[in-house]
Structure formats: C-alpha cells, structure tokens
Amino acid sequence: MSAPLSQHGPSLLDAGADAVPIRCVTEEEWGAVAARLPPLQRSFADATGFAPKAGRVALLPGDNGGLGRVLFGLGDAKAGGRDRFIAGKLPGALPPGNYRFEPSDGFDESEAALAWLLGSYRFERYRKPGEPRPRLVAPDGIDAAAIERLAAAVAAGRDLVNTPANDLGPAEVEAAVRALGERFGATVSVTVGADLEKEFPLVHAVGAASPRAPRLIDLTWGPEDAPRVTLVGKGVVFDTGGLDIKPASNMLLMKKDMGGAAAALAAAEMIMGAGLPVRLRLIVPCVENAIAGDAFRPGDVIRSRAGLSVEIGNTDAEGRLILADALALADAEAPDLILDFATLTGAARVALGPDLPAFFTEDEGLASAVAEAGLRVNDPVWRLPLHLPYASLLDSKVADLNNAPGGGFAGAITAALFLRRFVRRTQAHVHFDLYGWNPSTKPGRPEGGEVQTARLAYALVAERYGRDV
C-alpha cells in the first residue's frame, strides 16, 4: 500500500461567503466590545459568564435562533506569552459551518488563518471520517494561496509521520518523493542494492537486516545556476534499536523516526510551491533498522562514503550513520546551504522538551538568522553548542571514530559533532535535532506527527535568497 501524500490540505473560503462572525477579544477590550453587542447577545454572554480568557469560546444566538456570533478570548494582551497559534483551537471548538474574523486591533489575521488550517488537520486513513470541520473565510489582505500551500505541505508531512511502519517503508517514502518531484517537475534518482552498498555503506549496513531494501533518495529542482540549497532528512521508517534493541516502551513511537525526512519533504514542497529562486536538492537516506542474522553489530567497523571508518558503539545510534553518508554526498558539491533534519537524540528532548527542537551550526550569522526565522513564523528552535572539546568523546581505539560514545553526557552535542566530521566543504550547515511529534493537542498542533522546523526552513531560504514570507 503506497503512502499518502496530501496534495490538498484544508482550504480557506473565498471572501463574500455567508459566514458567522468571530470576534476575537482581549480582557482589556471586553468592556467596550460587550457594550457594542446586540442586547440579546450581550445578555446571553453575561448569563453564561463569558470572560475573554485565552482560548475561551462563547456561541451567541442570532435573531432567528441560529448561531449569530462567536466570541473568542485572547486573554491579557499585556501579560505576554500568548500562544500565537491560539486561533488554531477554533476548528475543534466550533460546530460545522462557515466563519469569518471580525476586525480586531493587534490580531494577526494571516497567522490566525494559518493556525486555523493547521488546527483543522485530521489523520483519518484508518477510520471513518468525522463530521465536517468548520471553514474560514480568507481575511481581507492576506495571501490565502501562500497560507494554503504551507498548510498543505504540513499536512503531507504529518500524514507521513502518522502512517504506521507496516504501510510506510522505504519504498513508500520513495513513492512520496517521486510524487512530489512529479508535481513540480523535479528529477528523482534512487540508489539501492549493490550500488547502495558500494556508494553509501553506512546506509546499507543500517538497513541490511530488513526485508524492505534500504535506499538513498535524491531529488533536484530549479535552475542549475541558482544558489544551491540542500535538505537532508533522516528516513528511519522504524527503529527497533537493532541488536541493541530498545525496550518496548521506547519502541511504541518509532514510526516517527522518519520525522526528519517528513520535515525535509514538507520544506521542499514549500520551497518548490513558492517557486523560490534556488537550486534545491533533497536527500533522504531511508532504512528500517531491523533485527536479523545480517544485522550490523556492536563492535563492527564500517568505512563510510567519506572514507572515515566508524566503529559501531551502539546499533541504536543508527540515524547519525545514515546521515553521515547522506551529508558526505551533499557536501561534495559544496552547496550554499545544507540543512539536515533528524529525530536524533533523546538528550535534546531532555534538555529542551518535545516542543523546542535543538539546532547546531558553527556559522554565527546563520545561527542568528535561523533563530530569528523560527520566531518570525512561530516555529521556534534553540541553539545548542558544538563544543569542540567533546569531540574527543568520539574517539575509537580501532577506527577513525565511534558512533555512540559511552558515559551518557552531552548526547545531542556529540551526535552533532559526529555529523560535523562529514561536512568538510560547506560552511553554512545547520543540524536540527527534533522530536517530530505533538504529545498532546495544542492550538494548531493536533496530537500526533509534526514537521517541526519545516516552516522555519522555508522562511530562512526565502529570506536568504530574496523572497519575503
């Protein structure tokens, strides 16, 4: 069964459609707003005890007994810390129907429309569809088409992460990349079998034990003389841990271990959909880390594509192995920018939690641009240091380096330092260590798969190469 690739996410309605007004209101505005409501609606709001706390919803009656207006609380405007995607709560709080935002000072309608679409997402591949979701009329003055493109790309990435491994193997990820490439006229090549073993030995070794063949997927798009931007995504469709097997509790969410690949695909879809003036390359090393007689072992030494020999300290540190070969391929042409995405370490989650991906780069200007882009589009990240003295923790007595040093300290940093060894020619390189999953539902972020840093990557590329977002 091939994996789904969403080509049409939730959409906005054209202006002029008959719709129920939504009045977004802060605590400071409430007195003035309440005074302007029709008497029936004001009495109803008072009788039900509505207060404009953040996320509070009140459904007010119309003259004919139907729904006449929605009040939506934004909380204390002076307090700060408001969830910028708070409007993403509305699709799950309102009955089916058409809605529109009433003008409100200090309310970013473009961001609210995106939050609405992101909050409308459902993964219903394996169950009957629920009741129709409410629809939003595109607010005046926003770029509705651009917002719909972003939401569709996020939906496609979420679909991939949410699809279980029995229906999403390396071949299905390849099919998703090929479908994306066909939509935008990109070129896609795939390396498998004996060629993979020869050209990408680490990718081959990690995926050798699975009956579903590992592969290296390579998409290119855009003019050859444009700035070169390369996205690399970790595509481990399921991670048992290999012979260093994970406990059952740690294996439950391992369908999301290809979340880096999903984020890279989503970012690529955004870049191509907007027609950004770049030469885009998307590289996805895709494997299943399974257990069989031909599984790679702790203590094995494998020579990488870059020529460095790697001692296997732990087979559950497989993501950095497949990324190493993919990054060596990306680095060979010294692109202007390399961004790699991976659900790589538990250490990053311990440090920053599930909502805040870590990122690493040695380029100070690029680090500032990444952080600023994340804040601008509400896709935040936090920089962790590439502390070079920790590189000695990767030392091996029998090889050039070890993939999983013992000791348990600075796991996200040592993983990033491992990857750094395979990027020699490209200065502008960013490594994202992300979780790829929403543990619980928040506005605009339903529980389940998430393509963290994809919108950030798109915004960064757009700003860096001449297109505002």
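The values are calculated or read from the model by the stated rules, or taken from the named source; none is laboratory data. Please read all numbers here as calculations on a predicted model, not as lab measurements. Cβ sites come from the backbone with ideal geometry, for glycine too, and all protein chains shown count toward neighbours. Please note that ligands, DNA and RNA were not included when accessible areas were found on the heavy atoms of the full protein model with its side chains. Shrake-Rupley method; radii C 1.70, N 1.55, O 1.52, S 1.80 Å.
All but one of (1) closer than 22 Å to R445 by Cβ; (2) of a type outside the set (A, V, I, L, M); (3) in a loop (DSSP other than H, G, I, E, B) hold for P211; state the number of the condition that does not hold.
That leaves (1) as the condition not met.
Please indicate, with yes or no, whether at least one residue in the range 325-344 is under 15 Å from D433 (Cβ atoms), touching a Pro at 6+ places or on another chain (Cβ under 9 Å) and open to solvent by 10 Å² or more (accessible area, probe 1.4 Å).
Checking the range 325-344: not a single residue is under 15 Å from D433 (Cβ atoms), touching a Pro at 6+ places or on another chain (Cβ under 9 Å) and open to solvent by 10 Å² or more (accessible area, probe 1.4 Å).
Please go through (1) part of a loop (DSSP other than H, G, I, E, B); (2) modelled with pLDDT of 95 or more; (3) over 20 Å from A328 (Cα atoms); (4) over 23 Å from the mean Cα position of the chain (by Cα) for F422 and return the number of the only condition it doesn't satisfy.
It is condition (3) that F422 fails.
Would you check if there is a residue in the range 416-439 being touching a residue at least 40 places away in the same chain (Cβ under 8 Å), within 30 Å of A93 (Cα to Cα), β-branched (V, I, T) and touching a helix residue (DSSP H, G or I) at 6+ places or on another chain (Cβ under 9 Å)?
no
Across the range 84-118, what is the total count of residues that are open to solvent by 50 Å² or more (accessible area, probe 1.4 Å), in contact with a Lys or Arg (Cβ under 8 Å, 6 or more places away or on another chain) and under 18 Å from L150 (Cβ atoms)?
The total comes to 1.
Exactly one condition in (1) more than 30 Å from R84 (Cβ to Cβ); (2) surrounded by fewer than 22 Cβ atoms within 10 Å (Cβ to Cβ); (3) in contact with a His (Cβ under 9 Å, 6 or more places away or on another chain) is not met by A295; state its number.
(3)
Mind checking which residues of the range 248-266 are of a type in the set (A, V, I, L, M) and either open to solvent by less than 50 Å² (accessible area, probe 1.4 Å) or assigned to a helix (DSSP H, G or I) (or both)? It would help to see each step written out before you state the result.
Filtering the range 248-266 down to residues of a type in the set (A, V, I, L, M) leaves 248, 251-254, 258, 261-266.
Passing the criteria: A248, M251, M254, M258, A261, A262, A263, A264, L265, A266.
Taking the criterion of being assigned to a helix (DSSP H, G or I), surrounded by 12 or more Cβ atoms within 10 Å (Cβ to Cβ), in contact (Cβ under 8 Å) with a residue 40 or more places away in the chain and not β-branched (V, I, T), would at least one residue in the range 62-79 satisfy it?
The first filter runs over the range 62-79 and keeps only residues assigned to a helix (DSSP H, G or I), leaving none.
For the range 62-79, residues assigned to a helix (DSSP H, G or I), surrounded by 12 or more Cβ atoms within 10 Å (Cβ to Cβ), in contact (Cβ under 8 Å) with a residue 40 or more places away in the chain and not β-branched (V, I, T): absent.
Hey, among the residues in the range 130-167 that are of a type in the set (K, R) and open to solvent by 10 Å² or more (accessible area, probe 1.4 Å), which one's modelled with the lowest pLDDT?
The residue in question is R133.
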